[in-house]
Amino acid sequence: MKWPVLKRAIFLVVGVSVLLYLLRSAGTGSVQMYLRNLGPWIAVPFAFVGMQHALRSLSWYAAVKATGHPVPYLTLLRARLGAECLGYLSLTGALGSQTSKVWLLREGVPMRRGAASVIVDALASAIAGVLYAGVALLTCQFALGLPTWTAAIGGGLVALAVAGWAMATVWSEQRRHRVEDYNVLLSHPVPPGWRAAVRDSFRRVRAALVRLRGLHIARMILIHSLGHVALTCATWSILALLGISPSFVIGLLFEIGAKLGNVMGAFIPARLGVFEAGVTASSGILQMGAAAGLAVGLARRLVDLIWVALGLVILTVGGAKARPEERVRAGSTVSATPTVDGH
């Protein structure tokens, strides 16, 4: 067995073990008692998670335009949902989801341009995630009376996110005069070889950042932050539906736990077990009991699975590929669109 496959198998076993341990600690009867309250109202968190997908596709749309290769928004939304499905079902997690976006657009978007757009969007997403976690910790510390160290961590995360945005802004402003140089470089054919392909991909990332500039990067960060707000609303609605708590601030703390689980489970297939452990940790901080946290985590996973099923339908029936004629059109727009100020 090859090492990548063996590694995913090991991580999967670890995730399943964590989930089984949580179920044993919380008690399956208590968890089932909470989950019985979901019913058809699961459509509410389902809608909020869908809003998150729509917002993050909008940010990716801005990144794709900055690479000089416009793709319709609905095509990108379908590709995102399809990529989430492939990342989940292939047990490759977040990394598989990101690479699947490039693969799904390959017929209409050159893969190096697709990779550049995904990297730029991931940069904005990372900054937004750090910023949102920091603001959320500060809010929860003030509203729930958490230990002061949570406020210190929150303030540090906010400062880190602002510094990341500022560095990207300064870098792009310093290289505004090189936009035309990038346009010329991007129009040249790439010599064969994987090293040349990697260099060309990073060149396209730099070109996209220069075209975006600080204001547009901030806009992408804002869009991703709104996506995090939508996920928080999904968690909050689940808390209310399960009869655990109607407080939005508590939903915010549970969402912090979910994000912690996502970070810790970055290499765990589908983040199985680790995501639920992060949410359960939030319930432990509030002394609500492990069953409440695990029920919220399982409900969120159920909502995600419904969206994965929708992504599978898109891949099977409608597809998520960009039109091949977009490749030809992009060649004429690279030199004509040095910035995205007008968008």
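The values are calculated or read from the model by the stated rules, or taken from the named source; none is laboratory data. Computed from a predicted structure; not experimentally measured. We place every Cβ from the backbone using ideal geometry, glycine too, and count neighbours over all the protein chains shown.
Quick one: is VAL71 in a loop (DSSP other than H, G, I, E, B), among the aliphatic types (A, V, I, L, M), within 24 Å of LEU226 (Cβ to Cβ) and touching a helix residue (DSSP H, G or I) at 6+ places or on another chain (Cβ under 8 Å)? Against the criterion (in a loop (DSSP other than H, G, I, E, B), among the aliphatic types (A, V, I, L, M), within 24 Å of LEU226 (Cβ to Cβ) and touching a helix residue (DSSP H, G or I) at 6+ places or on another chain (Cβ under 8 Å)), VAL71 qualifies. Just for the range 266-322: of the residues that are buried (at least 18 other Cβ atoms within 10 Å of the Cβ) and among the aromatic types (Phe, Trp, Tyr), which one is modelled with the highest pLDDT? For the range 266-322, the residue satisfying everything is TRP307. Restricting LEU186, LEU137 to residues that are in a helix (DSSP H, G or I), crowded, with 18+ Cβ neighbours inside 10 Å, in contact with a helix residue (DSSP H, G or I) (Cβ under 9 Å, 6 or more places away or on another chain) and modelled with pLDDT under 70 narrows the list to LEU186. Each residue in the range 280-292 was checked for being without any contact (Cβ under 8 Å) to a residue 40 or more places away in the chain and assigned to a helix (DSSP H, G or I), and 4 pass.
Note on the range 66-97: residues that are closer than 19 Å to PHE202 by Cβ and at pLDDT 80 or above amount to 0. Somewhere in the range 142-151, is a residue under 26 Å from ALA196 (Cα atoms), out of contact with any Pro (no Cβ under 9 Å at 6 or more places or on another chain), in contact (Cβ under 8 Å) with a residue 60 or more places away in the chain and not in a helix (DSSP H, G or I)? No, the range 142-151 contains no residue that is under 26 Å from ALA196 (Cα atoms), out of contact with any Pro (no Cβ under 9 Å at 6 or more places or on another chain), in contact (Cβ under 8 Å) with a residue 60 or more places away in the chain and not in a helix (DSSP H, G or I).
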